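Heads up: the structure comes next, in structure tokens.
Bear in mind these aren't lab numbers, they're just calculated from the coordinates by the rules spelled out. Remember, predicted model here, so these are calculated numbers, not experimental data. When we count neighbours, we look across all protein chains shown, and the Cβ atoms used for this are built from the backbone with ideal geometry, even at glycine.
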Amino acid sequence: MKVGVVGGGLAGALLAWRLSEASDRVRVEVVVGRRTRPDASAVSGGLVRGFELDPGAGRVAAESLAELRGDDRLREWSGYREIGSLYVVPRGVDPAGSVRVVDERLPGSPAVVDAGELRRRFGFRDLADDAVGVVERHAGYLSPAKLRDSALARAADQGVDVVAADAVDVRDGPALRTSDGVERRYDALVVAAGAWTPGLVDHGGTLRTKQIQYGVYRVPLSGLGAFVDDDTGLYGRPWGDGTFLLGLGCDRWDVRPEAVEPDLALADRVAAGVRRRFGVAVGAAPPEKVVASFDCYRSPAGLRLLPVDGRPGLFTFTGGSGGAAKTAVVVSRRAAGELLTTL
Ligand SMILES: Cc1cc2nc3c(=O)[nH]c(=O)nc-3n(C[C@H](O)[C@H](O)[C@H](O)COP(=O)(O)OP(=O)(O)OC[C@H]3O[C@@H](n4cnc5c(N)ncnc54)[C@H](O)[C@@H]3O)c2cc1C
């Protein structure tokens, strides 16, 4: 039995590693591309927490975080930093159900805080008196790039073939033609090429690409760890040396990964939002660094293994929708199990 995986980002690397751990009757080949520009996993902010407004999404994120925290190897591979997390929920939303979901998987981690605590402890201004946040002790950030590199190295140690060529043509069979001129045939083929996936496989229009952007700003935000402010859309985490990674949602859809350009107006809106929300001075504009990248989005959001209709043996494993660092540990294990049952 032979399984092919296209893409050596977080999704493809973890899937290849999980497959190599799950079965020794399967040969795995992962085609990682020639890596001519950074992928999403190379620049991802890596924020991980359990809490999500949608309890279903929160369940997967909390399980992934629990598995990561409980596994010395995964913690080391990912460089996980447990600095805590804060999620300010939109006005009028009751977070109780989603908090329970996290508490079941990470006991004692989440707690609800009110507007007074948001002001005192985290420095929020410009906040409604009925504002509510969810604090998680067991959350923080990791390095998706480090995690995928470690998973790929381990997969290679376990016999996975890592091919540094681009997938050029995905064919029925399933089969693949690569830039080294080789025609490759598999029993199952998984395209996990992130934002490049829609260009390789027509998945019925369900996959789209979107720009994601953050800046690194010199700003005194004491008391804050990783945070999402769903009232204003701001998110961020400490970057180091008096700087903070800060972002706002970007509305550039259907971008080509090769052609993404920084949106400097968005970078200015981030600085203005932070000034208003925290009442602090933000250093030089433009910020010290702007990272403009991309991800593959699907609805409902989330990294998932999906068969491609009418093309037996062909799957996609993408759709991280700006959040796969939070779920990839668990979802890749499940995807490997699902794939093996089809062989
Ligand atoms: C700026 C930014 C910040 C983010 N912050 C967070 C966060 O804080 N928390 C969170 O949970 N998530 C975050 N995410 C989302 C998360 O990082 C992504 O969902 C995840 O990294 C996607 O991994 P991937 O493997 O699907 O895609 P990618 O990492 O983009 O990997 C796709 C791979 O496919 C390869 N490839 C492409 N075409 C071919 C081809 N033809 N042949 C062979 N290989 C090919 C590419 O070279 C690449 O290595 C962020 C994403 C971005 C961009």
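For K289, which aspartates and glutamates qualify as cross-link partners when the Cα separation must be under 16 Å and same-chain residues fewer than eight apart are set aside? Candidates past the 8-residue exclusion: D241, E261, D263, D268. Within the straight-line cut-off of under 16 Å between alpha carbons, the aspartates and glutamates reachable from K2 are E21, D24, E29, D161, D172, E183, D187, E338, sequence neighbours fewer than 8 places apart in one chain being disregarded.
Note on the stretch 210-338: Cα-Cα pairs beyond 22 Å make up 46% of the total pair count. Projecting the Cα positions of G46, A61, V99 onto the charge dipole of the stretch 1-108 (unit charges on Cβ atoms of Lys, Arg, Asp and Glu, taken about the Cα centre) puts G46 furthest along the positive direction. The helix-only estimate of mean residue ellipticity at 222 nm for the chain, built from DSSP H runs of length n ≥ 4 each weighted as -39500 (n - 2.57), is -9500 deg cm²/dmol after division by the residue total. Straight-line reach from K210: taking Cα to Cα under 19 Å and skipping same-chain neighbours fewer than 8 places apart, the lysines in range are K326. Distance from the alpha carbon centroid of the stretch 108-137 to that of the stretch 294-343 works out to 34 angstrom.
Fewest neighbouring Cβ atoms within 10 Å first, the residues C250, C296 line up as C250, C296. DSSP bridge analysis restricted to the chain gives an antiparallel fraction near 70%, rounded to the nearest 5. Altogether, the Stokes-Einstein calculation at 10 °C and 1.306 mPa s, with the Kirkwood radius of the chain over Cα pairs as Rh, returns a diffusion coefficient of 77 µm²/s. Express the relative contact order of the stretch 186-284 as a whole percentage, based on alpha carbon pairs under 8 Å and six or more residues apart in sequence. About 30 percent, as a whole number. For the stretch 88-142, applying the loop criterion from DSSP together with a ceiling of 13 other beta carbons within 10 Å to the trypsin sites (Lys or Arg not before Pro) yields R91, R125.
Over the residues of the stretch 177-244, compute the C-alpha Rg and express it relative to 2.2 N^0.38 Å.
Taking the Cα Rg and dividing by 2.2 N^0.38 Å, one obtains 1.84.
In terms of surrounding Cβ atoms within a 10 Å radius of their Cβ, S179, S150 rank from fewest to most as S179, S150.
Order by neighbour count: S64, S222, S23, fewest other Cβ atoms within 10 Å first, most last.
In order of increasing Cβ crowding within 10 Å: S222, S23, S64.
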